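Read the structure below first, then the notes.
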Amino acid sequence: MGHDREWYDVNIFRPKKGYMTGEVAIILFVLLGWSVANFGVQVVLWLLAETPQGEGILTRLTFLSFPWHFWFTAQFLPLWFIILCILFNIYIDRHTEQHSRKKDRSHD
């Protein structure tokens, strides 16, 4: 039971240099893209409201016979989440490949 365990210090606010710095940057960009889409449109709807009930230009516009804000929330945001997941995986794979090339120079 007296095995030496190696402790890992992982902190997203102070990433270690190298691989973890790039990984945290990718994570933060994906979170930023998610938060802008989710909260930014709600703020725009609030800013463009012309009546106390919240009606405005974006609630009068329609897309596929739905109010634009409803379509955006019900259809586009789940699609945006899938797009962000795909982009995250692509960029993490590229980042991992670049990092492993720097670490292993046996292919040169």
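The values are calculated or read from the model by the stated rules, or taken from the named source; none is laboratory data. If you're wondering where the values come from, they're calculated on a predicted model, not measured in any experiment. Ideal geometry is used to build each Cβ from the backbone, glycine not excepted, and the neighbour counts take in all protein chains shown. Accessible surface areas use protein heavy atoms only, side chains included; no ligands, DNA or RNA. Shrake-Rupley method; radii C 1.70, N 1.55, O 1.52, S 1.80 Å.
Okay, here's what the table says:
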item	result
Pair list, Cβ under 6 Å, 6 or more apart: the stretch 51-75 residue under 16 Å from Val41 (Cβ atoms), other residue open to solvent by 70 Å² or more (accessible area, probe 1.4 Å) and assigned to a loop (DSSP other than H, G, I, E, B)	Gly56/Leu48; Gly56/Glu50; Ile57/Leu48; Leu58/Leu48; Trp68/Leu61
Subset of the stretch 12-26 that is surrounded by 15 or more Cβ atoms within 10 Å (Cβ to Cβ) and out of contact with any helix residue (DSSP H, G or I) (no Cβ under 8 Å at 6 or more places or on another chain) - its residue that is nearest to Leu87 (Cα to Cα)	Val24
Cross-chain or 6+ apart pairs with Cβ under 6 Å, the stretch 32-45 first and on the phi < 0 side of the Ramachandran plot, then of a type outside the set (A, V, I, L, M, F, W, C) and part of a helix (DSSP H, G or I)	Leu45/His69
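Table: residues versus (1) open to solvent by 70 Å² or more (accessible area, probe 1.4 Å); (2) at pLDDT 90 or above; (3) more than 15 Å from the chain's Cα centre (by Cα).
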site	(1), (2), (3)
Val10	yes, no, yes
Leu47	yes, no, yes
Leu58	no, no, yes
Asn89	yes, yes, no
Arg94	yes, yes, yes
